[in-house]
Amino acid sequence: MCTIGRTSGRTAREAHHRGNCKERALRDGQERTDCGTQRCRNSFLNTTFTPMPPPELFSESPDGKPCNLITRENYEFLRDSFFRYALLMKKEAVHTPGRTTAEGITRLHEEMSDLVGKDMNVNIEQDGERLLFRLWKCHRWGELTLYYFPVKFVENLGPELRRISITFIHQLMQANGIDTILDEDDTEYALTWLAEENDDEQDDDRKKRLKLLRSYEKGRIYSLLRRVERKSYYKNLPKAIGRYKPANGYERSLLSAMKEGLEFLSPERGIMEYGYDPFYEEEPDYLPMYLNRQIRVVYDCNDPVTDSLVDYYNSYSRETYDIIPATTCDLSPETEELFCMDDYPERFFKWAENFINIII
């Protein structure tokens with residue numbers, strides 16, 4: 001696990017950057033006053049309306065044709081969704097229609113935000129030609145933390161425990177949508193940097209650097225990362241873990257952590273499915289730091305390639321914001337249940353921190 005930046009005693013690194021202040025407020029538990037209003041998914045809600053809001057907002061429909069989102073049908077769908085959710089909350093709801101459809105939609109968004117309160121965020125989303133309310137709330141997790149699972153540790157294990165460990169990491173990746181750093185743009189950048197010559201470099205350092213580069217490109221490190229991507233040695237992993245007899249304290253700790261992590265091998269929703277971007281823009285200057293940049297499988301948390309990935313992340317994050325795991329709920333006039341969150345991300349990250357600190 002890396003907390004981006006300076007190395008500390010427990011293998012965590014504190015960030016140099018301080019990203020988007022609104023995202024920081026969510027992650028640090030501070031209240032947000034706008035509740036998503038200022039950066040909703042549809043541009044006509046990004047700013048305060050003028051006395052005459054735009055009568056049309058065209059977007060691309062699923063068949064590729066332009067469609068107007070500001071329609072009477074969409075207004076009525078949002079209005080009925082608002083009243084339905086107020087009924088579920090057992091609250092009185094009052095809606096003031098606007099002079100135009102666009103103004104009515106804007107007022108509904110404000111009224112919906114007031115209805116759910118400051119602890120909940122509301123966006124208006126496009127679903128095909130439909131506009132709908134999406135409630136969302138961020139989970140708690142490691143502040144400015146990168147959850148990088150290193151696999152170098154398996155090289156020092158005996159054959160049976162090595163197969164168990166590779167199977168466990170493979171199934172963890174499959175269940176949660178986690179990838180290795182292979183085939184990623186920032187890894188290509190890191191390897192390009194590693195290939196650069198240094199005039200002040202000693203011969204031994206140069207040999208070590210080129211050896212590491214070859215290993216990442218097509219050698220031992222490449223093969224190991226590909227193996228955990230693709231290989232599962234056991235159909236019944238819990239049985240294999242249960243019958244293995246640990247030889248020492250380290251193996252006992254490793255097996256205990258894998259037993260605790262079995263619940264994350266068959267979740268209802270993998271961790272990447274919580275990667276909602278509430279501040280989405282169609283053509284942003286910089287893409288946000290998606291969860292697949294924050295949670296991934298690496299070879300070694302302390303080698304030059306991973307250090308370069310962390311530095312790249314630190315630099316890029318100054319220009320954008322991190323995606324924080326969030327639970328969402330789309331509303332309709334037929335919604336039957338109130339918004340509720342599970343605690344899967346919180347449990348996952350708590351376990352991941354312990355597991356990574358064992359295998360690092």
Listed by first then second residue, the pairs whose first member lies in segment 85-98 and is modelled with pLDDT of 95 or more, whose partner is open to solvent by less than 50 Å² (accessible area, probe 1.4 Å) and part of a loop (DSSP other than H, G, I, E, B), with beta carbons under 9 Å and at least 6 positions apart or on separate chains, are Tyr85/Ala93; Tyr85/Leu331; Tyr85/Thr335; Tyr85/Phe339; Ala86/Ala93; Leu87/Ala93; Leu88/Thr335
Between a first residue in segment 56-70 that is at pLDDT 75 or above and a second residue that is in a strand (DSSP E or B), which pairs have beta carbons less than 6 Å apart while being 6 or more apart in sequence or on different chains?
Pro66/Phe58; Asn68/Phe58; Leu69/Ser59; Leu69/Leu131
Here are some conditions: (1) at pLDDT 95 or above; (2) surrounded by 16 or more Cβ atoms within 10 Å (Cβ to Cβ). Glu188 meets all but one. Which one does it not meet?
(2)
Scanning segment 238-253 residue by residue, those open to solvent by less than 50 Å² (accessible area, probe 1.4 Å) and aromatic (Phe, Trp, Tyr) turn out to be Tyr244
What's the total number of residues in segment 312-341 that are crowded, with 18+ Cβ neighbours inside 10 Å and either closer than 19 Å to Asn357 by Cβ or among the charged types (D, E, K, R) (or both)?
1
The correct count of residues that are part of a helix (DSSP H, G or I) and over 15 Å from Leu157 (Cα atoms) in segment 241-266 is 11
Could we say that Thr320 is within 27 Å of Ser113 (Cβ to Cβ) and not in a loop (DSSP other than H, G, I, E, B) here?
no
If Ser232 satisfies all but one of (1) part of a loop (DSSP other than H, G, I, E, B); (2) open to solvent by less than 20 Å² (accessible area, probe 1.4 Å), what's the number of the condition it fails?
(2)
List every residue pair whose Cβ atoms sit under 8 Å apart, with the two residues 6 or more apart in sequence or on different chains, where the first one lies in segment 164-175 and is open to solvent by 10 Å² or more (accessible area, probe 1.4 Å) and the second, anywhere, is part of a helix (DSSP H, G or I) and among the basic types (Lys, Arg).
His170/Arg230
Test for Val305: is it in a helix (DSSP H, G or I), open to solvent by less than 60 Å² (accessible area, probe 1.4 Å) and among the β-branched types (Val, Ile, Thr):
yes
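The values are calculated or read from the model by the stated rules, or taken from the named source; none is laboratory data. These figures come from a predicted structure and were not determined experimentally. Neighbour counts run over all protein chains shown; Cβ positions are idealised from the backbone, glycine included. These accessible areas exclude ligands, DNA and RNA; they are computed on the full protein's heavy atoms, side chains included. Shrake-Rupley method; radii C 1.70, N 1.55, O 1.52, S 1.80 Å.
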